[in-house]
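The values are calculated or read from the model by the stated rules, or taken from the named source; none is laboratory data. Fair warning: this is a prediction, and the values are worked out from it, not measured in the lab. Quick note on the areas: whole protein, heavy atoms, side chains included, nothing else; ligands and nucleic acids left out. Shrake-Rupley method; radii C 1.70, N 1.55, O 1.52, S 1.80 Å.
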Amino acid sequence: GFVAGWWRDAAGFAASVYADPGIIFLANRWFIAACGVIGVLATFVIGRRLVDTRTGAIAALLLALCPLHVEYSQIIRTDVQASAIMLLAVHFTLRMLDHGRRRDLVLAAMMVGFACATKWPAALIGIAPFAACFMLPGMTRSEQWRRALAVFGIAVLTLFVTSPFLLIDHQKVIANVLSEARPEHLGAT
């Protein structure tokens, strides 16, 4: 908006959003809907890679028709975004296993960092690329450990670059992480 001349500064932006909240909400809803589509496509690609094209298509169709996925793909929540990023982490992990390329390792690790920045529990997807490093053929155990530690390091670096507030407000970070572990909330009960 600043580049297009719609507003000159932060105050102009705030005034525009106050006059038309759709400026923010519509863009975010389109983004989340795109993440829903990416999740369905990634499910197809992963299913095709692991089993066959028919299985990938069925898995993608089941996700596309899943009421919760459809509902959350229409509202602004981080669940669908985190799911899409986690599926991309799995996709790049599988590519790393297929080809052994460092690029796929880096992309898988970055997706882990992005997923964690999106939703804390998504950090668990990091187990996939970390463990996959020990399944790479033709490598010594020390090479496998170096790659596994690289996955961890790249994921953490991506997390901090994506969410620099983690370095600034430690107390808020701890409170947010602890709030994910509460025994009752809409998703857990």
Starting from the Cα coordinates of region 80-189, work out the convex hull volume and express it per residue in Å³. 107 Å³
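How long is the gain from ILE75 to PHE134 if the chain were fully straight, where each residue apart is worth 0.36 nm and the alpha carbon distance is subtracted?
Gain on stretching ILE75 to PHE134: 17.4 nm.
Express the C-alpha Rg of the chain as a ratio against the empirical globular expectation 2.2 N^0.38 Å, rounded to two decimals. Could the numbers behind the result be given before it?
Details: Rg = 19.3 Å, N = 189, 2.2 N^0.38 = 16.1 Å.
Dividing the Cα radius of gyration by 2.2 N^0.38 Å gives 1.20.
For the chain, which whole-number percentage of the solvent-accessible area (1.4 Å probe, protein heavy atoms only) is attributable to carbon and sulfur atoms?
On the way: 8200 of 11810 Å².
For the chain, the apolar C and S fraction of the accessible surface comes to 69 percent.
Just subtract the alpha-carbon distance of SER16 and ALA57 from 0.36 nm times their residue separation and send over the number in nm, one decimal.
10.5 nm
Please give the contour-minus-distance gain from LEU26 to SER142: 0.36 nm per residue of separation, less the Cα-Cα distance, rounded to one decimal in nm.
Values: separation 116, 0.36 × 116 = 41.76 nm, distance 4.91 nm.
Extra length available between LEU26 and SER142 comes to 36.9 nm.
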